[in-house]
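Asker: Just passing along the structure, written as structure tokens.
The values are calculated or read from the model by the stated rules, or taken from the named source; none is laboratory data. Everything quoted here is computed from the prediction, not taken from an experiment. Heads up, the Cβs are rebuilt from the backbone with ideal geometry, glycines too, and the neighbour counts pull from every protein chain shown.
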Amino acid sequence: MPCTDQKPSFQKRRFLWACALAATAALPAAALAERFPERPISFVVPFPPGGPTDAMARTLAIALTETLGQSVIVENKAGAGGNIGADFVARARPDGYTIMFGTSGPLAINKHLYRKINYDPQTSFAPIIRVGYLPNVLVVNPATKATTVQELIAQDKAKPGSLDYASSGNGASSHLAGVLFNKMAGTSLQHIPYKGTGPALNDLLAGQVNMTFTDILTAMPYIKAGKFKAIGVATEKRSQAMPDIPTIAEQGLPGYDVSVFFGVVAPAGTPADRIETLNAAFRKALSSERIRKTFADQGLEPASDLSPAGLSTFIAQEVTKWKAVVDASGAKLD
């Protein structure tokens, strides 16, 4: 009898123990999802400190730290046009604690420009949000006769090869902007590569070259001082920073767009709920009046679609677009 009396009690204890184990096994994943983030987040910038990408990332990191309740630490991992930092993030643990502030280079152009690249911008990352884009602008030395895109095209076609443009180097966006312009306008602007933006601008100021394509933040002081003449903004919509400058697209080259976009990505396989948490934090930061004004002062145009899917679609479009331009340029980097 004693044994018979104990059996139901033993079975009941086993049942309760099994239930407890099941509940405990299910708890960590749910609790972890609720607590994210519970430690600092590494915000990788694949370029050196001090540039516009770094400055924007640091502005965002402050706001994200306030929203998420954990430190968001900017880490610069520069080299190979952004490839070193991008490869680091692509190989990082997909847990939401390593994210990257990427640009057109590592997220679209470099796939076609570099002979060897260890990641794929479309499959190695989980998109979080497209932050915005920085327009390029076509500027000429004031001695250049043309004041509009059509006048520039006419001047080139009257004497093919007589006009040249400076770039910050082979394969740079300022180089590819000229390649795309020649392709769409049927012109033969001659490419003069320099080792960096500074030397290119110096020779443009000195009248050694006719023109260049550079970001609007860099160009604004020169344009306002009358040292450069703005021919057109290289985006489909006019820049909020300098709305009086017409776009190249509206001057006869519809679809011409050579802006530098900024997007945040995580390693592929990062859980969807963590992507959503990060996306919401970035949305909140970008809605801040302070950040909107800071970015507007830097020439940044806001993105219209802030969803992860929107960035994914945009990257796919950019990868396709830049393949044709890079192929036409003949540029290849090691």
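Asker: List the helices (runs of 4 or more DSSP H) inside the stretch 1-107, counting only whole elements, that have at least 1 residues being modelled with pLDDT under 95 and aromatic (Phe, Trp, Tyr).
Answerer: 2-35
Asker: I need the full set of residues from the stretch 65-119 which are under 18 Å from Pro308 (Cα atoms) and either more than 14 Å from the chain's Cα centre (by Cα) or acidic (Asp, Glu) (or both), in order please.
Answerer: Matches in the stretch 65-119: Val89, Ala90, Pro94, Asp95, Gly96, Tyr97, Thr98.
Asker: Given the condition buried (at least 20 other Cβ atoms within 10 Å of the Cβ), assigned to a loop (DSSP other than H, G, I, E, B) and modelled with pLDDT under 95, answer yes or no: does some residue in the stretch 259-266 qualify?
Answerer: There is at least one residue in the stretch 259-266 that is buried (at least 20 other Cβ atoms within 10 Å of the Cβ), assigned to a loop (DSSP other than H, G, I, E, B) and modelled with pLDDT under 95.
Asker: OK, next. Quick one: is Phe181 outside any strand (DSSP E or B) and of a type in the set (Phe, Trp, Tyr)?
Answerer: In short, yes.
Asker: Just the residues that are surrounded by fewer than 14 Cβ atoms within 10 Å (Cβ to Cβ) and part of a helix (DSSP H, G or I), please, taken from the stretch 317-331.
Answerer: Residues satisfying the conditions are Gln317, Thr320, Ala324, Asp327, Ala328.
Asker: When you look at Phe295, is it within 23 Å of Ala63 (Cα to Cα), in the same structural domain as Phe125 (by TED's automatic domain parsing) and among the aromatic types (Phe, Trp, Tyr), yes or no?
Answerer: Yes, satisfied.
Asker: Here's a check for you: in the stretch 300-315, which residue that is in contact with a helix residue (DSSP H, G or I) (Cβ under 9 Å, 6 or more places away or on another chain) and loosely packed, with under 14 Cβ neighbours inside 10 Å is nearest to Phe181 (Cα to Cα)?
Answerer: Ser304
Asker: Next question, about the same structure. Only residues that are out of contact with any Leu (no Cβ under 7 Å at 6 or more places or on another chain) and charged (D, E, K, R): list them for the stretch 203-230, please.
Answerer: Asp203, Lys224, Lys229
Asker: Could I ask something else about it? Kindly indicate which of Val131, Val72, Val137 is of a type outside the set (D, E, K, R) and farther than 27 Å from Phe213 by Cα.
Answerer: Among Val131, Val72, Val137, only Val72 is of a type outside the set (D, E, K, R) and farther than 27 Å from Phe213 by Cα.
Asker: Can I ask one more? Between Gly169, Gly161, which is at positive phi, in a loop (DSSP other than H, G, I, E, B) and within 27 Å of the chain's Cα centre (by Cα)?
Answerer: Testing whether each residue is at positive phi, in a loop (DSSP other than H, G, I, E, B) and within 27 Å of the chain's Cα centre (by Cα) leaves just Gly169.
Asker: Restrict the check to the stretch 213-226 and report whether at least one residue is within 12 Å of Asn136 (Cβ to Cβ) and among the aromatic types (Phe, Trp, Tyr).
Answerer: For the stretch 213-226, residues within 12 Å of Asn136 (Cβ to Cβ) and among the aromatic types (Phe, Trp, Tyr): present.
Asker: Answer yes or no as to whether Lys145 is surrounded by fewer than 20 Cβ atoms within 10 Å (Cβ to Cβ), part of a helix (DSSP H, G or I) and either basic (Lys, Arg) or touching a strand residue (DSSP E or B) at 6+ places or on another chain (Cβ under 7 Å) (or both).
Answerer: Here the answer is no, as Lys145 does not meet what is asked.
Asker: If you don't mind, there's one more thing I want to ask. I'm trying to understand the selection: among the residues of the stretch 267-299, which are within 16 Å of Phe125 (Cα to Cα) and crowded, with 18+ Cβ neighbours inside 10 Å?
Answerer: Listed by number, the residues that qualify are Pro267, Thr270, Arg274, Ile275, Leu278, Asn279.
Asker: I would also like to ask the following. What tally of residues in the stretch 234-253 results from selecting those that are within 23 Å of the chain's Cα centre (by Cα) and closer than 18 Å to Val179 by Cβ? Let's see the steps before the verdict.
Answerer: Taking the stretch 234-253 and keeping what is within 23 Å of the chain's Cα centre (by Cα), we get 234-243, 247-249.
Cutting the leftovers down to closer than 18 Å to Val179 by Cβ gives us 234-235, 248-249.
Of the residues in that region, 4 qualify.
Asker: Output the number of the condition that Asp334 fails; it satisfies all remaining conditions of (1) in contact with a Phe, Trp or Tyr (Cβ under 8 Å, 6 or more places away or on another chain); (2) in the same structural domain as Ile129 (by TED's automatic domain parsing); (3) farther than 24 Å from Thr98 by Cβ; (4) not polar (S, T, N, Q).
Answerer: Of the numbered conditions (1) in contact with a Phe, Trp or Tyr (Cβ under 8 Å, 6 or more places away or on another chain); (2) in the same structural domain as Ile129 (by TED's automatic domain parsing); (3) farther than 24 Å from Thr98 by Cβ; (4) not polar (S, T, N, Q), the odd one out for Asp334 is (2).
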